[in-house]
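The values are calculated or read from the model by the stated rules, or taken from the named source; none is laboratory data. Source: prediction; values computed, not measured. Note: ideal-geometry Cβ built from the backbone for every residue, glycine included; neighbour counts use all protein chains shown. The protein model used for the area step is the full one, side chains on, heavy atoms only, and it has no ligands, DNA or RNA in it. Shrake-Rupley method; radii C 1.70, N 1.55, O 1.52, S 1.80 Å.
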Amino acid sequence: MDASSVVVQSGGHGAMRLVLNRPKTLNALSLDIINQLTLHLQEAAVNSNVKLVLIESSSPKAFCAGGDIRALYEQGRATYPEEFFGREFFLNHLTHVFPKPYISIQDGIVMGGGVGISVHGAYRVVTDKTVWSMPETGIGFIPDVGSSYFLSRLRGGLGLYLGLTGARLTGADCLYCGLATHLVPREVVDQLKTELCSAQLGNDAATVVNTVETIMGRYSRSIGTCMLERSMEDIDRIFLNASSVEDVFQRLAAAEGVWAADTLKVLLARCPLSLKVTFRMLTVGSSSTLSRALRNEFSVVCNFMHLQETNFYEGVRAVVVDKDQKPQWNPRRVQDVSDDLVNRFLATRPSSSLANL
């Protein structure tokens, strides 16, 4: 275990700081980091001296750019995916049920697995430099880490739009749609962290929460009108109540304007199989609990690792390994992705790590 990849710091009055420290990889989540974070959170949950947990990055460039995709690419045909995703999704759920204030400082890039260790927590701080995305359909994969739960609960057609396109959001966008709870300018983030870690937090849970929320409120800023808000009418017109991915494509093709044309161009470049499976996942996710969503997603992501028809390895080859940006998807068109094929990727696989969530 490489302890230097997660630096643990203790504040003087009950704050535990977990600092992601793999800047060269943009803090890509390895299995080792996932296990370290899980262990620290489990210990913090039962340690009466710990009043809050703050998770952050040592680098201003990225909070966490996602899971270690290259490791999955190299080891995905073996049993590594079951261990990796089982442990990762267990951690995602742990942040959701953590009994003390869990505060993520999402400065810089926040993608994929980075979303998973932040979006389920009680306090989700973004900055004016945040770049948020779930871009998995672009590498022949699906939005995971509980996406079928949290994206499906966003307003209007937004969740489907984000899940299918992988669109990037600013910090203001995240606050607008509820993915974040606070927007704090980067230039005062260090002051916020210092005050949270030096404050007299109190001994009872209610006092701790009240102190945290008072401090957060002093640094949080309003957003005015953000880019996402200005696009919501277009997003809802295309994605709200769409009956299928094909329906989305037809609506975009019939719509006028630059936004529709650009969005259609984006979707045409995404993996057709990933789009169809993602649509199904988000459709059922709105009525699911987080624990059930994570168990369902575990099955799907493992199927994307192991089934012969997967496009994951081709997508990672094109985007991450060879970087030619020319994935050869199979099937090549969404209309050629059969319901039978989608059902195969939705088939259940058991997970011992998630059985008791």
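Per the helix-only calculation at 222 nm, which mean residue ellipticity applies to the chain, given -39500 (n - 2.57) for every DSSP H run of n ≥ 4 and division by its residues, nearest 500 deg cm²/dmol? Can you show the working numbers first?
Details: 16 runs with 168 residues, N = 357.
The helix contribution divided over the chain gives -14000 deg cm²/dmol.
Given the Cα-Cα distance of Ala206 and Ser4 and 0.36 nm per residue of separation, how much length would full extension add, in nm?
Full-extension gain reported as 69.4 nm.
Could you order peptides 67-75, 40-48, 247-255, 165-173 by the average number of other Cβ atoms within 10 Å of their residues, highest first?
On the way: 67-75: 18.7, 40-48: 14.0, 247-255: 16.0, 165-173: 22.2.
The packing order, highest mean first, is 165-173, 67-75, 247-255, 40-48.
Which percent of the accessible heavy-atom area of the range 35-165 goes to carbon and sulfur, probe 1.4 angstrom? Show your work: numbers first, answer last.
On the way: 1950 of 3810 Å².
Of all accessible area on the range 35-165, carbon and sulfur atoms account for 51 percent.
How large is the Rg to Rh ratio of the chain when both quantities use alpha carbon positions and Rh follows Kirkwood?
Numbers: Rg = 20.0 Å, Rh = 20.7 Å.
Reported Rg/Rh (Cα atoms, Kirkwood Rh): 0.97.
Hey, rough spin-label estimate for Thr225 and Asp32, points 7 angstrom out along Cα→Cβ, what's it come to in nanometres?
5.0 nm
Return the distance in nm (one decimal) between the two label points of a simple spin-label model at Lys323 and Ser338, each offset 7 Å from Cα along Cα→Cβ.
Output for this residue pair reads 3.9 nm.
So if I take the alpha carbon set of the range 114-240, get Rg, then get Rh from the Kirkwood formula, what is the Rg over Rh ratio?
Values: Rg = 16.2 Å, Rh = 15.9 Å.
My calculation of the ratio gives 1.02.
Considering only Cα-Cα distances, which of the following residue pairs are longer than 26 Å: Lys24/Lys129; Lys24/Lys51; Lys276/Lys326; Lys129/Lys276? Intermediate results must be reported in sequence, preceding the final value.
Details: Lys24/Lys129 19 Å; Lys24/Lys51 31 Å; Lys276/Lys326 20 Å; Lys129/Lys276 32 Å.
Beyond 26 Å between Cα atoms: Lys24/Lys51; Lys129/Lys276.
What does the extension gain come out to for Leu346 and Ser287, with contour length at 0.36 nm per residue minus their alpha carbon separation?
That pair, Leu346 and Ser287, stretches by 19.6 nm at full extension.
Express the accessible area of the chain per residue in Å², computed with a 1.4 Å probe while the remaining protein chains stay in the model.
Values: 14860 Å² over 357 residues.
Averaged over the residues of the chain, the accessible area is 42 Å².
What is the helix-to-structure angle for 290-306, meaning the angle in degrees between its Cα long axis and the longest Cα principal axis of the chain, kept from 0 to 90 and rounded to the nearest 10?
50 degrees
Rounded to whole Hz and in sequence order, give me ³J(HN,Hα) for the range 123-129 from the Karplus expression 6.51 cos²θ - 1.76 cosθ + 1.60, θ = phi - 60°, writing x for Gly and Pro.
10, 10, 9, 10, 10, 6, 10
Mind giving me the FRET efficiency for Arg186 and Gln75? R0 is 45 Å, r the Cβ-Cβ distance, nearest 0.05 is fine.
Efficiency, rounded to the nearest 0.05: 0.80.
Considering just Cα atoms, how many Å³ per residue does the convex hull of the range 266-357 enclose? Walk me through the numbers on the way to the answer.
Working: hull volume 10.4 nm³, N = 92.
With only Cα atoms used, the range 266-357 gives 113 Å³ per residue.
Give me the distance between the Cα centres of the range 142-190 and the range 243-292, rounded to whole Å.
If you average the Cα positions of each part, the centres end up 16 Å apart.
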